[in-house]
1. Scan region 162-176 for residues that are touching a helix residue (DSSP H, G or I) at 6+ places or on another chain (Cβ under 6 Å) and either under 16 Å from LYS140 (Cβ atoms) or open to solvent by less than 20 Å² (accessible area, probe 1.4 Å) (or both) and report the count.
2. Being away from the ligand (no atom under 13 Å from the Cβ) and either in contact with a strand residue (DSSP E or B) (Cβ under 7 Å, 6 or more places away or on another chain) or outside any loop (DSSP other than H, G, I, E, B) (or both) is the filter here; which residues of region 43-52 pass it?
3. Would you confirm whether or not region 91-106 contains a residue that is within 16 Å of the ligand (Cβ to nearest atom), at pLDDT below 90, exposed (fewer than 14 other Cβ atoms within 10 Å of the Cβ) and closer than 23 Å to CYS173 by Cβ?
4. Within region 157-187, which residues are charged (D, E, K, R), more than 17 Å from GLY70 (Cβ to Cβ) and at pLDDT 95 or above?
5. Restricting region 48-62 to residues that are in contact (Cβ under 8 Å) with a residue 24 or more places away in the chain and open to solvent by 40 Å² or more (accessible area, probe 1.4 Å), which is nearest to THR89 (Cα to Cα)?
6. Looking at region 66-88, I want the residues that are free of Cβ contacts under 8 Å to residues at least 60 places away in the same chain and have a partner that is assigned to a loop (DSSP other than H, G, I, E, B) and open to solvent by 50 Å² or more (accessible area, probe 1.4 Å) with Cβ atoms under 6 Å, at least 6 apart or on another chain. Which pairs are those?
7. Out of (1) assigned to a loop (DSSP other than H, G, I, E, B); (2) within 14 Å of LEU97 (Cβ to Cβ), what's the single condition that is false for GLY67?
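The values are calculated or read from the model by the stated rules, or taken from the named source; none is laboratory data. This is a predicted model, so every value here is computed, not measured. Glycine also receives a Cβ, built like all others from the backbone with ideal geometry; neighbour counts cover every protein chain displayed. To get the accessible areas, we keep the full protein, side chains included, count just its heavy atoms, and leave off ligands, DNA and RNA. Shrake-Rupley method; radii C 1.70, N 1.55, O 1.52, S 1.80 Å.
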Amino acid sequence: MSSKKKENPAEGTVLEEKPSETAIKLIPIYVMGKRYDVPEGYTIMKAMEYAGYKFIRGCGCRGGICGACGTIYRKPGDYKIYTALACQTAVEPNMYLAQLPFYPANHASCNYAELKGTPEEIHKLYPELFRCVACNACSKVCPMDVPVMDVIAYIKRGDIEKAAREAFDCIQCGLCTSRCFAEAPQYHIMQLARRIYGGKIAPQAKHNAEAAQAVKVERKYDPMLKELMAMSKDDLKKVYTEREIEPETAGDEWRPKESKYLL
Ligand code: FES
C-alpha cells in the first residue's frame, strides 16, 4: 500500500501518512454451503460472527474449556473429515464448515450417592461400551487428544483410576460420540468414571473436607450470600466488575486484599 501525504492543520506542516498495518486479508470459507470472505487468522467462531452468525448455543467459554463449540469441516481435495473447537481453531481458505453444538447421546441416570464405585456399576449403566470394536475413530477426532478408545478399554477391564486420569482433559464436546459406530456415549461414560474415581476411590483431600465443613456446618459464607442477595442488579454488576482479580503471574502465595471469607 502506498503512503500518502496530508496537511496538519494545527501546525501547517505536511505529515507522512503511514500505510495501515492492520489491512485485513480476507479468505473464503463455506459455512453450511454458503461462501463468506472472512479475515485470515480469525478463529472459526470469530469468523462466523464476522460473517453475521450469532451464537446462541454452541458457544460458551471461548477459551477451549466448555466443549460447546464442536465443529466439523473438510478441506478442498482432501477426503478426510476434520474436527475442532471453533473457538480454538483458525480458519483456512476454502474450509467447508458445519457446527456441531450438541450431539444426542444416551446419558444413563443413577443415584450417584448409592454407587459403591465398582467397574461393574459403570458396565451396567452403559452396557453399550462393550460394543466398542476398537476402531479408534473416537480418539482421532478428539480435539483434546484424549485417548478415548483406550479409556473405554480401561473401563472395560475395570481400571477406573487409569480411565479417570487419562480422560482428565475431556471437555464433553461429544465429537467422539458423533463418530462412534458402536453408538457409545464415550464422553458420558468417561465423565462417570472421573466422578466415581474422584468421589469414591481417590483419597479425600483434607482441604476439601475443611471447605465442606465451613460451608455446611459453620455456615461461614451465609452472611456474604445474604449481602449479595439483597443487592440491586446494578450494585451486583459493580461489585462484580470491580472485584480484585488474581494476576495471571501470581504465585501460590497470592491472596486478595479482602480475605475475610477465605478459609
Ligand atoms: S466455546 Fe467453550 S470450548 Fe469453545
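1. 8
2. Within region 43-52, ALA47, TYR50, ALA51 meet the criteria.
3. Checking region 91-106: at least one residue is within 16 Å of the ligand (Cβ to nearest atom), at pLDDT below 90, exposed (fewer than 14 other Cβ atoms within 10 Å of the Cβ) and closer than 23 Å to CYS173 by Cβ.
4. We begin by selecting, within region 157-187, every residue charged (D, E, K, R); these are 157, 159, 161-162, 165-166, 169, 179, 183.
Pick out the ones that are also more than 17 Å from GLY70 (Cβ to Cβ) and you get 157, 159, 161-162, 165-166, 183.
If the condition is that a residue be charged (D, E, K, R), more than 17 Å from GLY70 (Cβ to Cβ) and at pLDDT 95 or above, then ARG157, ASP159, GLU161, LYS162, ARG165, GLU166 are the ones that fit.
5. Pass one, region 48-62, residues in contact (Cβ under 8 Å) with a residue 24 or more places away in the chain: 48, 57-59, 61-62.
If we keep only those that are open to solvent by 40 Å² or more (accessible area, probe 1.4 Å) as well, we get 57, 61-62.
Numbers: ARG57: 18, CYS61: 14, ARG62: 11 Å.
My answer is ARG62.
6. Correct list of pairs: PRO76/ASN94; CYS87/ARG62.
7. Going through (1) assigned to a loop (DSSP other than H, G, I, E, B); (2) within 14 Å of LEU97 (Cβ to Cβ) one by one, GLY67 breaks only (2).
Condition check ((1) in a helix (DSSP H, G or I); (2) under 21 Å from CYS61 (Cβ atoms)) across all residues:
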{"position": "ALA164", "(1), (2)": "yes, no"}
{"position": "ASP169", "(1), (2)": "no, yes"}
{"position": "GLN172", "(1), (2)": "no, yes"}
{"position": "CYS176", "(1), (2)": "yes, yes"}
{"position": "ALA184", "(1), (2)": "no, no"}
{"position": "HIS188", "(1), (2)": "yes, yes"}
{"position": "ILE196", "(1), (2)": "yes, no"}
